[in-house]
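The values are calculated or read from the model by the stated rules, or taken from the named source; none is laboratory data. These numbers come from a predicted model, not from an experiment. Cβ placement follows ideal geometry from the backbone for every residue including glycine, while neighbour counts extend to all protein chains displayed. Protein only, heavy atoms only, side chains kept; ligands, DNA and RNA dropped before computing areas. Shrake-Rupley method; radii C 1.70, N 1.55, O 1.52, S 1.80 Å.
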Amino acid sequence: MTERIYNFSAGPATLPEPVLKQARDDVWNIAQSGIGILEHSHRGPSFRSVIEAAESHCRELACIPDFYDVLFLTGGASSQFFMVPMNFLGQGQTADYLVTGSWSKKAVKEAKRYGEVHIAASGKDSNFNRIPPTSETRHSKDPRYVHFTSNNTIFGTQWPSEPEIPDGAFLVCDASSDIFSRPIDVSRYGLIYAGAQKNLGCAGVTLVIVRKDLVQSATEDLPTMLQYRTHAKSGSLYNTPPAFPIYVMGEVFKWILDMGGLESMAEHTREKAKLIYEFLGNSKFFAPFADANSASLMNICFNGPDADSEAEFIAAAAKAGFSGLKGHRSVGGMRASIYNAFPREGCEKLVEFMKSFERSR
Ligand SMILES: *Cc1c(COP(=O)(O)O)cnc(C)c1O
């Protein structure tokens, strides 16, 4: 195959074409240095300007206040499941978790190793097809922090806005699958983390935005690499960082800025998702999985009338050049992941295809 096709994969996912083309050039020779991005020393001036630009574009994009550190870490979002409680949850302290799907459950499992975990709300009773409303949330008496997953990649639900939290607690967010798809008021958060391979670039780096006072007050009784302090003090250069993934993330930040920033991303996102959800709402064959108020604009999960027709649809779609539409194995059905870089045209084409598939039944 010589043409690129529509890739609805949930992650690693579609990247912006201008970023891929720039990366192709910079792998060979970056900024006329005569050396490619994969080969530069992480201590040299070429990489230094890459990582500095990535940080400053990130700060510009999300208007990140100076009292936050921006860190580029390894170990995936999954390592943040333990790094957060390791650094911030002392013996006898409680953290509240809002459980809205598989990733929050994994975060809970790791936090339990370090302190008390209180499940303040859970969508389990309705198989995570909705975000629990505030009226169903019961916080513990004095939580150290409240953790939530802003977009549930597997179940296709998304928080419409940040949850309210008790005074004295700070908010922690796993934003791996919707970060920078809409404006974000960073000052409402203690810590935000996101693996890069959904909305920010390629696998290998995790973006962490964290309040400096929290970093300073975190426990020091941890292996050096597992303290946020270490990476904050060294500008994410304590050890060899994931240089290429940081480079790609920086290019994606630049691309989002060129596209008009987060407001503009949000508009594109709403339009793309609307095309698909409107079709699903009118279809007699397909049905959306999530409650309308909780439906994700990033991962659109939907079902057919039965497993056999779903398998038929997925196979026919793959043949027609729509890749990655099979739902996560724990949910079944279909999932169209349409992150920032996924083109609107691909959503239009998918709807056309679904219409003709439905007509053919
Ligand atoms: C993909 C994903 C993760 C896991 O990310 P890794 O980088 O593979 O560890 C965690 N949380 C959410 C919401 C995700 O979508």
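Give the residue that is nearest to Trp255 (Cα to Cα), with candidates limited to residues of the range 84-98 that are in contact (Cβ under 8 Å) with a residue 60 or more places away in the chain and open to solvent by 10 Å² or more (accessible area, probe 1.4 Å). The extreme case among them is Met86. With respect to being within 16 Å of the ligand (Cβ to nearest atom), out of contact with any helix residue (DSSP H, G or I) (no Cβ under 7 Å at 6 or more places or on another chain), open to solvent by 50 Å² or more (accessible area, probe 1.4 Å) and not β-branched (Val, Ile, Thr), Lys105 fits the description.
Tallying residues that are farther than 16 Å from Leu200 by Cα and of a type in the set (Val, Ile, Thr) within the range 1-22 yields 2. Taken over the range 299-342, the criterion of being part of a loop (DSSP other than H, G, I, E, B), in contact (Cβ under 8 Å) with a residue 40 or more places away in the chain and under 23 Å from Asn151 (Cβ atoms) is satisfied by Gly324, Leu325, His328, Ser330, Val331, Gly333, Ile338, Tyr339, Asn340, Ala341, Phe342. Is it the case that Leu73 is touching a residue at least 40 places away in the same chain (Cβ under 8 Å) and either touching a Gly at 6+ places or on another chain (Cβ under 9 Å) or farther than 18 Å from Asn199 by Cβ (or both)? For Leu73, the condition - touching a residue at least 40 places away in the same chain (Cβ under 8 Å) and either touching a Gly at 6+ places or on another chain (Cβ under 9 Å) or farther than 18 Å from Asn199 by Cβ (or both) - is not met.
Among the residues here, Ile35 qualifies as away from the ligand (no atom under 16 Å from the Cβ) and more than 21 Å from the chain's Cα centre (by Cα). Every condition in (1) within 12 Å of the ligand (Cβ to nearest atom); (2) open to solvent by 10 Å² or more (accessible area, probe 1.4 Å); (3) closer than 17 Å to Val84 by Cβ; (4) hydrophobic (A, V, I, L, M, F, W, C) holds for Ile179 except the one numbered (2). Candidates are the residues of the range 112-126 that are touching a helix residue (DSSP H, G or I) at 6+ places or on another chain (Cβ under 9 Å) and surrounded by fewer than 19 Cβ atoms within 10 Å (Cβ to Cβ); the one that is farthest from Gln93 (Cα to Cα) is Lys124.
Residues checked against (1) more than 16 Å from the ligand (Cβ to nearest atom); (2) open to solvent by less than 40 Å² (accessible area, probe 1.4 Å):
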| residue | (1), (2) |
| --- | --- |
| Thr153 | no, yes |
| Gln197 | no, no |
| Pro223 | yes, no |
| Tyr238 | yes, no |
| Pro245 | no, yes |
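Here is a check on your reading of the model: is Phe302 over 17 Å from the mean Cα position of the chain (by Cα), buried (at least 23 other Cβ atoms within 10 Å of the Cβ), farther than 20 Å from Ala194 by Cβ and not polar (S, T, N, Q)? Judged against the criteria, Phe302 is a match.
Checking the range 14-27 against the condition returns no match, with no residue being more than 19 Å from Lys254 (Cα to Cα) and in a helix (DSSP H, G or I).
Could you say whether any residue in the range 36-46 is outside the structural domain of Ala341 (by TED's automatic domain parsing) and in contact with a Leu (Cβ under 9 Å, 6 or more places away or on another chain)? Checking the range 36-46: at least one residue is outside the structural domain of Ala341 (by TED's automatic domain parsing) and in contact with a Leu (Cβ under 9 Å, 6 or more places away or on another chain). Within the range 290-316, the set of residues being of a type in the set (Gly, Ala, Ser) and farther than 15 Å from Ala10 by Cβ comprises Ala292, Ser294, Ala295, Gly304, Ala307, Ser309, Ala311, Ala315, Ala316.
The set of residues from the range 211-265 being hydrophobic (A, V, I, L, M, F, W, C), touching a Gly at 6+ places or on another chain (Cβ under 6 Å) and under 25 Å from Asp66 (Cβ atoms) comprises Leu214, Met249, Val252.
Residues that are farther than 26 Å from Phe155 by Cβ and surrounded by 13 or more Cβ atoms within 10 Å (Cβ to Cβ) within the range 6-27 comprise Pro16, Pro18, Val19, Leu20, Gln22, Ala23, Asp26, Val27, listed in sequence order.
For Glu164, the conditions (1) touching a Ser or Thr at 6+ places or on another chain (Cβ under 7 Å); (2) under 19 Å from Tyr68 (Cβ atoms); (3) of a type in the set (D, E, K, R); (4) surrounded by fewer than 20 Cβ atoms within 10 Å (Cβ to Cβ) are fulfilled apart from (2). Of all the residues in the range 44-95, those that are among the hydroxyl-bearing types (Ser, Thr, Tyr) and within 16 Å of the ligand (Cβ to nearest atom) number 3.
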